[in-house]
Amino acid sequence: MSSENNKRFRLSDKLNLREILIFIGKFFVFSVILFALFSFISSNYYTFIFEISKPIIEYFHPEHNVALKKDINFSLVGSFTNIIPFIALVLATPKILRNRKIKIIALGGVILLLLQVIFVVSTISIPLEIKEKEVQVNQQLDKELDELWKMLSSEKEKDMANELERLQNEGKPGAEISGIVEQLRSYECEKISDEKIKTLCTELITKYKKREDELKKERQKEIKPSWLTTTVSSFLGGMGMIIFPFILWVVLCYNYFVQEKFAVRKEEKSKTKKKLKKKFKY
């Protein structure tokens, strides 16, 4: 086997302490340099990711116009900068040819870019989904409250009619009776002069308010983003997106090392066959 083949990586190879320290040192240096360079283009990169994500968000939420906010929280920053440690890890990894490193960085960069877009879409979709569900829930609640008022009013309607008839029989002026009816319609129980009608009105309003609070609490539980949106945002956000570049580095570099191993074995078999052919030929 030639000296070139001996230099290739094998899965059985072990890095000594010196090589490990060199790797860590290179990773640190590359990270510092890349973070410094990224600081100059970070705002443009954030805008670039947002512009890719925007049409996707608006497709799923057509009633909203999505705009980029100036303040970016930590989870977003961590998600956008995760490409830097990945590149630094690949550059610092020993025994990989330069052209191979470029291919690994390109492939990993595309994967991380797609994940960043998915994260932004899911993160921005959460408040939009909440707003949409609030509208739906409030519309449903209004209908239920209207039906509730009709039902409770119908229960007291006969009693109210009897009491109003009583007032007429007692000779109350029509203007006073009309005023009581108007106060009933506007739920102003405390202004009603007749105690019996006032009591009926108060009972009606008390039942209505109690049920209204119960319905609001029930509907409030429905105002939350979808399970899928929350799961994706939680998985890709924060520590998830910070750890993922290291996982991606292991997967892509390991895949390269495995390919190298098989390439070496294939070359060894090919040389062995050639030697056997020469041997039997003579």
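Cα-Cα over 31 Å: which of 191/221; 150/217; 196/221?
On the way: 191/221 36 Å; 150/217 21 Å; 196/221 39 Å.
Among 191/221; 150/217; 196/221, the Cα-Cα distance tops 31 Å for 191/221; 196/221.
Listed values for the range 132-145 are Karplus-derived 3J(HN,Hα) couplings in whole Hz (6.51 cos²θ - 1.76 cosθ + 1.60, θ = phi - 60°), namely 5, 6, 4, 4, 4, 5, 5, 5, 5, 5, 4, 5, 5, 5, and x replaces Gly and Pro. In percent, rounded to a whole number, the relative contact order of the range 137-220 is 41, using alpha-carbon pairs under 8 Å and six or more apart. Annotation: extensible slack from residue 132 through residue 67 equals 21.7 nm (criterion: 0.36 nm per residue apart, minus Cα-Cα distance).
Sorted by mean Cβ packing within 10 Å, highest first, what order do the peptides 141-147, 204-210 take? Provide the component values of the computation, followed by the final result.
Details: 141-147: 12.6, 204-210: 14.9.
The densest-packed peptide leads the list: 204-210, 141-147.
For the listed peptides 166-178, 22-34, a ranking on the average number of other beta carbons within 10 Å per residue, highest first, reads 22-34, 166-178. The packing ranking of peptides 187-194, 221-228, highest mean first, is 187-194, 221-228, where packing means the average number of other beta carbon atoms within 10 angstrom of each residue. Our coupling estimate for the range 240-249, obtained by passing each phi through the Karplus curve with A = 6.51, B = -1.76, C = 1.60 and θ = phi - 60°, is x, 6, 6, 6, 4, x, 5, 5, 5, 4 Hz, Gly and Pro reported as x.
Placing R0 at 25 angstrom, the Cβ-Cβ distance between residue 159 and residue 186 gives a FRET efficiency of 0.85 after rounding to 0.05.
Every number here is computed from the coordinates shown, using simple stated rules; none is lab data. On a predicted model such as this, the values are computed, not experimentally measured, just so you know. Every residue, glycine as well, gets a Cβ built from its backbone with ideal geometry; the counts of neighbours run over all protein chains shown.
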